[in-house]
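Asker: Below is the structure I would like to discuss, written out as structure tokens.
Nothing in this text is a laboratory measurement; each read-out follows from the coordinates by a stated rule. This is a predicted model, so every value here is computed, not measured. Virtual Cβ from ideal backbone geometry, glycine too; neighbours counted across all protein chains shown.
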Amino acid sequence: MNILYAEDDIMMQKVVIKALIRLGYEITTVDDGVEALEAIENEKFDLIILDVFMPKASGFEVVEYMRENLKINTPVLMISRSHLDEAIQKAYTSGANDYIVKPFDPEELVLKITKMLAPYR
């Protein structure tokens, strides 16, 4: 299974990539929202993980564009340091399927991903 991971925090990228590779997933990483949109337009992913606050385009903007303009329904997990209800609500109304707050236990992330991908296995 192929996962797109858009995150501008290099240390967070390393943690998440390590957890996903251990499970056998193929991961494409990008550092900002514009790169995420380019990857989404050019490649099919089984799951997209988006940081909420990225340079050039936020995770909110990426998922909204993906859903409304590209008509792509790939599952999206959003990651953010914000635990505020309004940020979480905006993630869901933008089109995300799930949300996780940083810092998180990598096992929690793995469980969410496994659950999100279960219908596609």
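Asker: Rounded to the nearest Å, what's the spacing between the alpha carbon centres of the stretch 1-31 and the stretch 56-106? Just the number, please.
Answerer: Their Cα centres are 16 Å away from one another.
Asker: Could you tell me the calculated FRET efficiency between Glu43 and Asp85, based on Cβ-Cβ distance and R0 = 25 angstrom, to the nearest 0.05?
Answerer: Numbers: r = 33 Å, r/R0 = 1.34.
The formula returns an efficiency of 0.15 here.
Asker: Can I ask one more? For Val15 and Ala118 in the same chain, what is the full-extension length gain: residue separation times 0.36 nm, less their Cα-Cα distance, in nm?
Answerer: Stretched out fully, the Val15 to Ala118 stretch lengthens by 34.8 nm.
Asker: From the backbone phi of the stretch 103-115, what are the Karplus-calculated ³J(HN,Hα) couplings (6.51 cos²θ - 1.76 cosθ + 1.60, θ = phi - 60°) in whole Hz, Gly and Pro given as x?
Answerer: Along the stretch 103-115, the couplings run x, 9, 6, x, 5, 5, 4, 4, 4, 4, 5, 4, 5 Hz.
Asker: I need the phi-derived Karplus couplings for the stretch 78-91: 6.51 cos²θ - 1.76 cosθ + 1.60, θ = phi - 60°, integer Hz, Gly and Pro marked x.
Answerer: Result, rounded to whole Hz: 9, 10, 7, 7, 7, 9, 6, 4, 5, 5, 5, 4, 5, 4.
Asker: Sorting Thr28, Thr93 on the 10 Å Cβ count, fewest up front, what's the list?
Answerer: Fewest-to-most ranking of Thr28, Thr93: Thr93, Thr28.
Asker: Here is a further query. Whose amide H sits under 5 Å from the amide H of Thr28, counting only residues 5 or more places off or on another chain, with H placed in the peptide plane?
Answerer: Ile3, Leu4, Tyr5
Asker: A follow-up question, please. Using only the Cα atoms of the stretch 1-41, build the gyration tensor, take square roots of its eigenvalues as a ≥ b ≥ c, and label the shape rounded, prolate or oblate: rounded if a/c is under 1.5, else prolate if a/b is larger than b/c, else oblate.
Answerer: oblate
Asker: I'd like the Karplus ³J(HN,Hα) series for the stretch 49-54: coefficients 6.51, -1.76, 1.60, θ = phi - 60°, whole numbers in Hz, and an x wherever there's a Gly or Pro.
Answerer: Each residue's phi maps through the Karplus curve to give 10, 10, 6, 5, 9, 10 Hz.
Asker: As a footprinting exposure proxy, order Tyr65, Tyr92 by other Cβ within 10 Å, with the fewest listed first.
Answerer: In order of increasing Cβ crowding within 10 Å: Tyr92, Tyr65.
Asker: Between Glu68 and Asn2, what is 0.36 nm times their sequence separation minus the Cα-Cα distance? Round to one decimal in nm.
Answerer: 21.5 nm
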